[in-house]
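Structure record follows, encoded as structure tokens.
The values are calculated or read from the model by the stated rules, or taken from the named source; none is laboratory data. Note that the coordinates shown come from a computational prediction; the quantities given were computed from them, not determined experimentally. All Cβ positions, even for glycine, are placed from backbone atoms using ideal geometry, and neighbour counts span all protein chains on display. SASA here: full protein model, heavy atoms, side chains in, ligands and nucleic acids out. Shrake-Rupley method; radii C 1.70, N 1.55, O 1.52, S 1.80 Å.
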Amino acid sequence: MDEALIESVLAIAAQSERAAYAATAKQGPAEVAEVVLTEVAALTRMLPGPDEKVPVQWDLGFGDERLGYVMTVGGGGATVEPGWHESADVVIRQDLTELLRAVYGEAGPHDSSREVFVNFPDGPPEADLDGRDPRRRTQGIAAARAATRAATANPVDLTELAIRMGTDKWGRHWYTSTYERYFARFRDRNVRVLEIGRGGGESLRMWTHYFRRGQLIRVDARDKSLSTPMRARAVWGAPDHEFLASLGADLGPFDVVIDDGSLMNHRVLTSFTALFPHLRPGGLYSIEAVGVSYWPGWGGSSTDLNSPTTMAGFVKSLLDGLNHQHIDRAGEYEPTLTDRTVSGVCMHHNMAFIEKGVNTERGAPAWVRNADSALFRDGDEHR
């Protein structure tokens, strides 16, 4: 799907109801409806649904116009096509602008115009010759629940997404609760997320569903022919400084950068140096697998624990930079980029989070920092 169209629809959803209606009319209701329902179908695939395929008729209103789309839900999948089904088991009617804002707009209730009908035979038991009516009813209710839930709110938490997508974020590792602690404030915002990835692309699909109003870019060293979801793209190239810096300039700035790529220490540091300048103020840069800092075969060391050539040692140096105003030095000191723009450093087991912001708070004056000051003679500090 056209990236420019995705960006336009996301921008429309962020507006007030009246402004969103006018912008939808200008963009084209059918184009907007296709984007929104393709997203709903993708989210529906993540939810428990019917075992059998059930036709769900979406009947969207826009002014005097009605737009029809048939979503087939069940059997582990969900697809959507424009048109009308003569005898759909489920019918969902809703105002298009309200549905748009429910899926891509600010968090909140956006279902006042929604009507849901589950159509199933309701005759006497003797009319159900093959005994299929109760099962058909159950399947229709499950399809209606999955589709409406996907179009209402963030349907599942990150742990559930990780498990369903087959990532290593929960089970092999236990990253998801920590990620949610830091990323929850971004989840309902139109953010731009960059993932340095490896593996088969499972994590890209997970992040696309988690940041359901965001746009995602995945960087990988090799073309793995990923089938990327909407709002996501895969970029291939050697993850050296020149390539990553150019990518940041072209596709940034980013609100979140997730480094889950190479586990070699020097490559992780190269990525940070190239991409941190392209992180927005207030954004977060996360690094996984910090534990390889201690493995010699991966460029780490279990003896030189403060080596700036390892991830852990580098993060420790960022702590010094965060407090560079308080370091007593001989002569003038010119703060580095990270000294001036790293506003927070948080470490968890095997994970690091670096926050970008303004770090210009003044340090203590020299006479306070001076340990020989008479003010701090033994016993005087409590007077």
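Below is a table of values for the structure above.
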read-out	value
Hits in the range 71-86 (condition: open to solvent by 80 Å² or more (accessible area, probe 1.4 Å), modelled with pLDDT of 95 or more and outside any strand (DSSP E or B))	84
Filtered residues of the range 144-164 (kept if open to solvent by less than 50 Å² (accessible area, probe 1.4 Å) and either farther than 27 Å from residue 36 by Cβ or under 14 Å from the mean Cα position of the chain (by Cα) (or both))	154, 155, 156, 158, 159, 161, 162
Single condition residue 320 does not satisfy, out of (1) acidic (Asp, Glu); (2) within 28 Å of residue 179 (Cα to Cα); (3) assigned to a loop (DSSP other than H, G, I, E, B)	(3)
Residue 310 being touching a His at 6+ places or on another chain (Cβ under 8 Å) and closer than 29 Å to residue 360 by Cα	no
Residue 360 being modelled with pLDDT of 75 or more, among the β-branched types (Val, Ile, Thr) and in a helix (DSSP H, G or I)	no
Residue count for the range 41-68, restricted to those that are crowded, with 19+ Cβ neighbours inside 10 Å, touching a residue at least 40 places away in the same chain (Cβ under 8 Å) and not hydrophobic (A, V, I, L, M, F, W, C)	3
One residue from 98, 31, 86, 17 being in contact (Cβ under 8 Å) with a residue 12 or more places away in the chain, farther than 22 Å from residue 152 by Cβ and not small (Gly, Ala, Ser)	31
Positions within the range 323-344 being open to solvent by 60 Å² or more (accessible area, probe 1.4 Å) and part of a helix (DSSP H, G or I), in sequence order	326, 337, 340
From the options 157, 220, 188, 130, residue that is in contact with a strand residue (DSSP E or B) (Cβ under 7 Å, 6 or more places away or on another chain), of a type in the set (Asp, Glu) and modelled with pLDDT under 90	220
Checklist (1) out of contact with any helix residue (DSSP H, G or I) (no Cβ under 7 Å at 6 or more places or on another chain); (2) open to solvent by 40 Å² or more (accessible area, probe 1.4 Å); (3) within 24 Å of residue 275 (Cβ to Cβ); (4) hydroxyl-bearing (Ser, Thr, Tyr) applied to residue 303, failing item	(3)
Any hit, the range 305-322, residues being among the β-branched types (Val, Ile, Thr) and more than 30 Å from the chain's Cα centre (by Cα)	no
Complete set of residues in the range 19-40 that are out of contact with any Ser or Thr (no Cβ under 7 Å at 6 or more places or on another chain) and open to solvent by less than 10 Å² (accessible area, probe 1.4 Å)	33, 35, 36, 37, 39, 40
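A quick yes/no check of all residues on (1) at positive phi; (2) open to solvent by 10 Å² or more (accessible area, probe 1.4 Å); (3) in contact with a Gly (Cβ under 9 Å, 6 or more places away or on another chain):
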| residue | (1), (2), (3) |
| --- | --- |
| 181 | no, yes, no |
| 187 | no, yes, yes |
| 192 | no, yes, yes |
| 195 | no, no, yes |
| 207 | no, no, yes |
| 211 | no, no, no |
| 214 | no, no, no |
| 222 | no, yes, no |
